[in-house]
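In what follows, a structure is listed as C-alpha cells, so that the remarks can point back to it.
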Amino acid sequence: MRTNPFRTPPRWWAAASGAIGLIANAFLVLFYLTAQPWTDHPGDGWFGPANDVLVLIQYLALVPVVLGLGRLMAGDARARVWTGIGLVAAVAVIVLQALLITGAMPFESQVVPVSLSAVLTMCWAGAISAAGTRTGALPGAVARLGRVVVIGLPIAAGAFGLGALITVASGVSWAWAAGGIPGIVVWTLFPVWTLLLATAPSRPRDRSIADPGRR
C-alpha cells in the first residue's frame with residue numbers, strides 16, 4: 001500500500017503552510033486590485049496587513065516541512081545543503097515579517113530582503129524536488145511542480161524587470177504591476193507545491209519521516 005511521508009505532524013504542517021499560503025496570495029491579489037499602489041493616490045484597506053500576518057504563519061508552518069524533508073533525504077549530500085539554505089531562508093522570512101508587522105522595520109527596508117528570502121525558499125523547493133527524484137523519496141507530481149517553481153523564477157524576475165523599465169522609461173504607471181503577474185503565479189505555485197506534499201502518495205520506504213523511530 002502506498003503511503004504519504006507526511007503521515008503524522010509534518011504532513012499537517014505542510015497542509016497548513018500550503019493552505020495559508022494560498023489564502024495569503026489571494027489577499028495579496030485583492031490588495032493590488034483594491035489599493036492600486038501604482039496610482040498617484042493608492043488606497044489602503046486590510047488586505048495588505050492580513051497578507052503580512054498570513055505569510056508569517058505560512059513560513060512558521062514551513063519550518064517543520066523543511067526539517068522533515070531534510071530527514072527524509074538525509075543520505076543525499078545536496079539535499080542536506082539545501083535543507084540548511086531552506087531553513088535559514090524560512091527563518092529570515094519569519095523574522096522580517098515579524099519586524100514589519102510590529103512596526104520595527106519599515107516596508108521600504110524590509111521588502112527586498114524578505115523577497116530574496118522567499119525566493120530562496122522557492123529555490124529550496126526546486127532543489128529538494130530534484131533530490132526527491134534522485135532518491136525516489138518524492139512522488140513524480142511533487143517533484144515536477146517543484147522544478148516548475150524554480151524554472152519560473154527567472155521568467156518572473158525578467159517580466160517584472162521589463163515592467164519596471166517600461167514604467168521608468170515611458171511613465172506607464174501600471175506596467176510594473178503588470179510585469180509582476182508572472183511572479184504572482186510562481187508565488188502561488190509554491191504553496192500549491194507545499195500542499196501537494198501533504199496529499200500526494202509516495203513510496204512505502206519513505207515512511208521514515210512519519211516515524212523517525214522506524215529505520
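Computed quantities for the displayed model
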| item | result |
| --- | --- |
| Over the range 106-145, volume per residue of the alpha carbon convex hull, in Å³ | 56 |
| Relative contact order (percent, whole number), the range 78-145, Cα cutoff 8 Å, 6+ residue spacing | 36 |
| Accessible surface of the chain, 1.4 Å probe, proportion on carbon and sulfur as whole % | 72 |
| Relative contact order %, the chain, counting alpha carbon pairs below 8 Å whose residues are six or more apart | 32 |
| GNM top mover of Val186, Val88, Val55 - the chain, alpha-carbon springs below 10 Å | Val88 |
| Prolate/oblate/rounded call for the chain, Cα gyration tensor, a/c under 1.5 rounded | prolate |
| Helical mean residue ellipticity (222 nm; -39500 (n - 2.57) per DSSP H run of 4+; nearest 500) of the chain | -26500 deg cm²/dmol |
| Residues in the range 81-113 that a label on Asp44 would reach, taking backbone N under 19 Å of a point 7 Å out along Cα→Cβ | 100-108 |
| Accessible area in square angstrom per residue, the chain, 1.4 angstrom probe | 49 |
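The values are calculated or read from the model by the stated rules, or taken from the named source; none is laboratory data. Note that the coordinates shown come from a computational prediction; the quantities given were computed from them, not determined experimentally. As a convention, Cβ positions derive from the backbone with ideal geometry for all residues, glycine included, and neighbour counts pool all protein chains shown. The accessibility values were calculated without ligands, DNA or RNA, using every heavy atom of the protein model including side chains. Shrake-Rupley method; radii C 1.70, N 1.55, O 1.52, S 1.80 Å.
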